[in-house]
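Take a look at the structure set out below.
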2 protein chains.
Amino acid sequence: MELGKNYIGYTYTSSGSKTFRTFNPKLNSENTFEFTEATPEEINTAVNLAWDAFKSYRKISGKSKAKFLNLIADELSLAEKDIIEMYCQESGLPEGRAKGELGRTIFQLRTFAQLVEDDHWVEANINSNAHHSNKPDLRQYNIPLGPVAVFGASNFPLAYSTAGGDTASALASGCPVIVKSHPMHAATGSLVASAIVKAAKKTNMPNGVFSNLNSSDTEVGRMLVLHPKVKAVGFTGSIKGGRALFDYAASRPEPIPVFAEMGSINPVVFLKDSLTEKNNHWAETYAGSITLGTGQFCTNPGLIIGLKSNEFSAFSIDLANKIETIQAQCMLHPKLHTHYEHLKNETLAQTKVQLLNSTTIDSKLTSVSGTVALVDAATFIANPLLQREVFGPFSLLVQCEDYAQMEQLIDCLEGQLTGTIIGTEAELLSQIQLLEALQQKVGRLIFNGVPTGVEVCPSMTHGGPYPASTDSRFTAVGTNAIKRWVRPFSFQGFPDALIPKILKRESFTTTKRNTHEY
Amino acid sequence: MELGKNYIGYTYTSSGSKTFRTFNPKLNSENTFEFTEATPEEINTAVNLAWDAFKSYRKISGKSKAKFLNLIADELSLAEKDIIEMYCQESGLPEGRAKGELGRTIFQLRTFAQLVEDDHWVEANINSNAHHSNKPDLRQYNIPLGPVAVFGASNFPLAYSTAGGDTASALASGCPVIVKSHPMHAATGSLVASAIVKAAKKTNMPNGVFSNLNSSDTEVGRMLVLHPKVKAVGFTGSIKGGRALFDYAASRPEPIPVFAEMGSINPVVFLKDSLTEKNNHWAETYAGSITLGTGQFCTNPGLIIGLKSNEFSAFSIDLANKIETIQAQCMLHPKLHTHYEHLKNETLAQTKVQLLNSTTIDSKLTSVSGTVALVDAATFIANPLLQREVFGPFSLLVQCEDYAQMEQLIDCLEGQLTGTIIGTEAELLSQIQLLEALQQKVGRLIFNGVPTGVEVCPSMTHGGPYPASTDSRFTAVGTNAIKRWVRPFSFQGFPDALIPKILKRESFTTTKRNTHEY
């Protein structure tokens, strides 16, 4: 098992001198293997290779792309033991989570393979009226944008990283991918990259269809996004990181699209009737959701909104008690731990914010237990700092005087990945304005559930108004994620011999699926 | 006929003191009526009204929106006489063009009315597997973004302005619209705005669903794009103008999407065999296309690429001769005329650029005749200034040594709305790399035709890689233009009673059109 170098296309190399190591949060020590930061020359070579690869990769058949994606999935399965072991060493997350995430990653790859296998995803569209009039014959379909730079997430070393949803959807669309490997799990990333490179070679993909660059700071990312031959960016991470990439991309002579999935506090609204009988159920459920994966989920419920009442008070106490019974778990990295403690303490130090549970200080540097605090709605509305995401197992409970104030609070929220409403159908029908207000703020609305857990299916929206994402018109999860990397293109007046099969007249008569003839 | 004030929602008002006039290019004099620039307070009021209107407008039925759009079309028809007269006074364009453009504008409005009438355009999508497993029930559809700021084009006072494609598609999607009226045809815009306001009132649309702001400089636009309650921008015009709005939007605390359709020189590639017999045909056709509307089309063919040969030389001379026979026509405005002369002369002054026809200096300040010039490919490739759009009836012919150099030239082009290839099927098949290279640069590729003329139909792509547009993933023309103003949204675990009709289970069993059940 070789580790530490970059994949510049098919070449495993490192000519740089700057090195870094990953960290084992469970052992509270650095891992032994060393990674060499990609040099400016290596970045440039990777992008130029991707550009050259694009010339053929954009044209290969859906069947060939499907074979490539399925073989990546196969190679990941073959390397499962090594990947899972490394994942746990670099993240501190339990083996069950690692296996689940690998399964999800493989499922995503196979889903995109299935999607592109028959080329119908290109939304081929023809104006056949052209044959009955003097109108031009126009045939439209979606074509890939070009090389995509992918920035993996700290909190999903597999499903949102090297071979995650961004990479799978970009490769499926016909775009080569250059991954800026996440420095917190560079070895896991390297093992995954090795699986992708193996699959690419075995299926005769062009050299440069995939590269993997090691990087411990922001310079490699900046250079990638500013490279003229990079045509789109996918990112999962913090608002600060995503916004920086967005700003680089917008500042280019030729601006390029950035889909950054960023911060969210995922508000949960408890209606009055919801807290009469099931308190215990919801307190337990939310104690679990808040602390799941040490709270390190984009969809972690960081804000719980209820009406000032005995029931909400009882729920708050229940929730705090339940959270106290959950053992402290390590965070992904000491940096995230420090960050969490800093933001949590800053939030707790705000006027009128009341800590609800005792927090245990774990002797291990990276371990934290869950924390919940309470504040009134007027204070929350007046203090924007209380809306800030505290990345980790933290949730702020907000108590409203009435539904009018609750609506006012929702109206002042920033964009979110998700919103959740807990209540009865009858009560929500009578307070439908809350649903409508929340819908304006989020990409996905959940009824009587938890926001954690993002189903991979075409009807999923994982995105939302800024800062949940940099472009709410797209989703990072589900087959529609491919739309981020393609553009519509029209052929006017071309004979069948000169255009792709999916646009030939025979394609419109043999099938109707996803084609639109009018 | 009242002119000069702003429509701030339903209120026809002007509290400002700065005024401006439009210009009659045919008479070479200012028009008499005066317009009052919108004030910062009026801008703010218009946006706040749009925001409030959005709360109800986003929810109204497709049928109601269709009625509104169709009534705008009716009101435009009723006002046809006044609109056409004013259009000609403010643009100098002939009546036939004015009538054609009004017809197109009305057609676009009715097309979007038809699109949204039955709500199927929202791409409703459900994972019905949820009923057979423990997977969540997820139902996805598209919802509108919020108030859209629309910036009309100088060169299409109707079809790409006040009630043009941006406005029609935004209103169809459920987004209120605030138009920044184009200062070169403010009276035409005001008449159209009046028709929209009448239709909005008659169909009981919320006050604020539409506003029309007068403005002769860039400040109103800047304030509009930076207003926190504006959620998207549509623009048609120059690269300078579109990029400025894009930069404002990207600099906001909450960045918003900008679809700016901007500059293009629309390269036309002549294959060798195309110039053996039909020289005369193509010379005449392109003389017409280059000078159509005094060359003031986004799709004007500003670049003609051929192989160095006796045939291409003969074609060049034919084209120059044909253009000389076409009478000088006035441009839309003295400012555009000055700009045209400046850019044309700067281009002609470049090394090795050879003027092909004598240009007549018309006594009227705003009139120009067509101009073509010739340069060799090596010079063109080496001098980026030669790629600059000269907005007006100008085209640069570029002579290549061979197909390899032609491909090299295409590779160095910026993004374009269109590309055109003139040739036989057999020859293009043998030079397919030219088609492939050109496809990477454009939104629409035309075979044996002219780029001028943009068919309004779903398979049209009017957009393209930067700087043709600021986001090649969308089109400004055709029903897909609505996608610029909507975002996917998912309901998870909601009972039928709480979600829109199109997402209820009954909708998925009664119809399959544009719904996707899996």
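Look at (1) more than 7 Å from chain B (Cβ to nearest Cβ); (2) modelled with pLDDT under 95 and you find that A:Arg484 fails only one, number (2).
Quickly run through the range A:17-29 and pick out the residues that are under 17 Å from A:Ser181 (Cβ atoms) and either assigned to a loop (DSSP other than H, G, I, E, B) or free of Cβ contacts under 8 Å to residues at least 40 places away in the same chain (or both).
Start the filter on the range A:17-29 by keeping residues that are under 17 Å from A:Ser181 (Cβ atoms), which leaves A:18-23.
Answer for the range A:17-29, where residues must be under 17 Å from A:Ser181 (Cβ atoms) and either assigned to a loop (DSSP other than H, G, I, E, B) or free of Cβ contacts under 8 Å to residues at least 40 places away in the same chain (or both): A:Lys18, A:Thr19, A:Arg21, A:Thr22.
Among the listed residues A:Thr470, A:Thr418, identify the single one that is within 22 Å of A:Ser238 (Cβ to Cβ) and touching a helix residue (DSSP H, G or I) at 6+ places or on another chain (Cβ under 6 Å).
Details: A:Thr418 fails: touching a helix residue (DSSP H, G or I) at 6+ places or on another chain (Cβ under 6 Å).
One residue alone meets the criteria, A:Thr470.
Out of all the residues in the range B:127-142, is one or more within 25 Å of B:Ile256 (Cα to Cα), in a loop (DSSP other than H, G, I, E, B) and in contact (Cβ under 8 Å) with a residue 12 or more places away in the chain? Outline the logic, then answer.
We begin by selecting, within the range B:127-142, every residue within 25 Å of B:Ile256 (Cα to Cα); these are B:140-142.
Right, trim to in a loop (DSSP other than H, G, I, E, B) and you get none.
For the range B:127-142, residues within 25 Å of B:Ile256 (Cα to Cα), in a loop (DSSP other than H, G, I, E, B) and in contact (Cβ under 8 Å) with a residue 12 or more places away in the chain: absent.
Looking at A:Glu117, is it of a type in the set (Asp, Glu) and in contact with a Lys or Arg (Cβ under 7 Å, 6 or more places away or on another chain)? Walk me through how you get there before you give the answer.
Working: of a type in the set (Asp, Glu): yes; in contact with a Lys or Arg (Cβ under 7 Å, 6 or more places away or on another chain): yes.
It is true that A:Glu117 is of a type in the set (Asp, Glu) and in contact with a Lys or Arg (Cβ under 7 Å, 6 or more places away or on another chain).
Of the helices (runs of 4 or more DSSP H) that lie entirely inside the range A:182-253, those containing 2 or more residues that are more than 14 Å from every other protein chain (Cβ to nearest Cβ) span A:186-202, A:219-226.
As a summary of the residue check, B:Gly415 satisfies the conditions (1) more than 8 Å from chain A (Cβ to nearest Cβ); (2) of a type outside the set (Asp, Glu); (3) touching a residue at least 24 places away in the same chain (Cβ under 8 Å) except for the one numbered (1). In the range B:452-499, what residues are of a type in the set (A, V, I, L, M) and part of a loop (DSSP other than H, G, I, E, B)? Passing the criteria: B:Val454, B:Val456, B:Met460, B:Ala468, B:Ala476, B:Val477, B:Ile499. What are the residues in the range B:11-59 that are surrounded by fewer than 18 Cβ atoms within 10 Å (Cβ to Cβ) and hydroxyl-bearing (Ser, Thr, Tyr), if any? Selection gives B:Thr11, B:Tyr12, B:Thr13, B:Ser15, B:Ser17, B:Thr19, B:Ser29, B:Thr32, B:Ser56. Of all residues in the range A:254-281, those satisfying the criterion of being in a helix (DSSP H, G or I) and in contact with a strand residue (DSSP E or B) (Cβ under 9 Å, 6 or more places away or on another chain) are A:Lys272, A:Ser274, A:Leu275. Note on the range B:326-355: among residues that are in a loop (DSSP other than H, G, I, E, B), modelled with pLDDT of 95 or more and not small (Gly, Ala, Ser), the one that is nearest to B:Ala283 (Cα to Cα) is B:Val353. Number of residues in the range A:60-111 that are under 27 Å from A:Val122 (Cβ atoms), free of Cβ contacts under 8 Å to residues at least 60 places away in the same chain and not in a helix (DSSP H, G or I) equals 1.
When you check A:Leu158 against the structure, is it assigned by TED's automatic domain parsing to the domain that holds A:Lys483, assigned to a helix (DSSP H, G or I), among the aliphatic types (A, V, I, L, M) and surrounded by 24 or more Cβ atoms within 10 Å (Cβ to Cβ), yes or no? So A:Leu158 does not fit the description; no. Checking each residue in the range B:424-442 for being in contact with a strand residue (DSSP E or B) (Cβ under 8 Å, 6 or more places away or on another chain) and more than 10 Å from chain A (Cβ to nearest Cβ) picks out B:Leu434, B:Leu438, B:Lys441. Every condition in (1) over 27 Å from B:Cys88 (Cα atoms); (2) surrounded by fewer than 24 Cβ atoms within 10 Å (Cβ to Cβ); (3) touching a Pro at 6+ places or on another chain (Cβ under 9 Å) holds for B:Cys175 except the one numbered (2). Of all residues in the range A:371-388, none that is farther than 21 Å from A:Ser313 by Cα and not assigned by TED's automatic domain parsing to the domain that holds A:Tyr340 has its Cβ atom under 7 Å from the Cβ atom of a residue that is modelled with pLDDT of 95 or more and surrounded by fewer than 16 Cβ atoms within 10 Å (Cβ to Cβ), 6 or more apart or on another chain.
For the range B:294-309, a residue qualifies if it is crowded, with 21+ Cβ neighbours inside 10 Å, outside any strand (DSSP E or B) and small (Gly, Ala, Ser), and the qualifying residues are B:Gly295, B:Gly302. Note on the range A:243-293: residues that are surrounded by 20 or more Cβ atoms within 10 Å (Cβ to Cβ) and among the acidic types (Asp, Glu) total 1.
Whenever a residue of the range B:457-469 is under 15 Å from A:Ala249 (Cβ atoms) and at the interface with another protein chain (Cβ under 7 Å from one of its Cβ atoms), its partners that are surrounded by fewer than 24 Cβ atoms within 10 Å (Cβ to Cβ) and modelled with pLDDT of 95 or more, lying with C-beta atoms within less than 8 angstrom and at least six residues away or across chains, give the pairs B:Tyr466/A:Glu254; B:Tyr466/A:Pro255; B:Tyr466/B:Glu414; B:Tyr466/B:Gly415.
On the basis of being surrounded by fewer than 23 Cβ atoms within 10 Å (Cβ to Cβ) and facing chain B (nearest Cβ under 7 Å), does A:Leu445 make the cut?
Values: surrounded by fewer than 23 Cβ atoms within 10 Å (Cβ to Cβ): no; facing chain B (nearest Cβ under 7 Å): yes.
Here the answer is no, as A:Leu445 does not meet what is asked.
The values are calculated or read from the model by the stated rules, or taken from the named source; none is laboratory data. Predicted model, so just to flag it, every value in this text is computed and none were measured. Quick reminder, even Gly has a Cβ in these numbers, built from the backbone with ideal geometry, and neighbours come from all protein chains shown.
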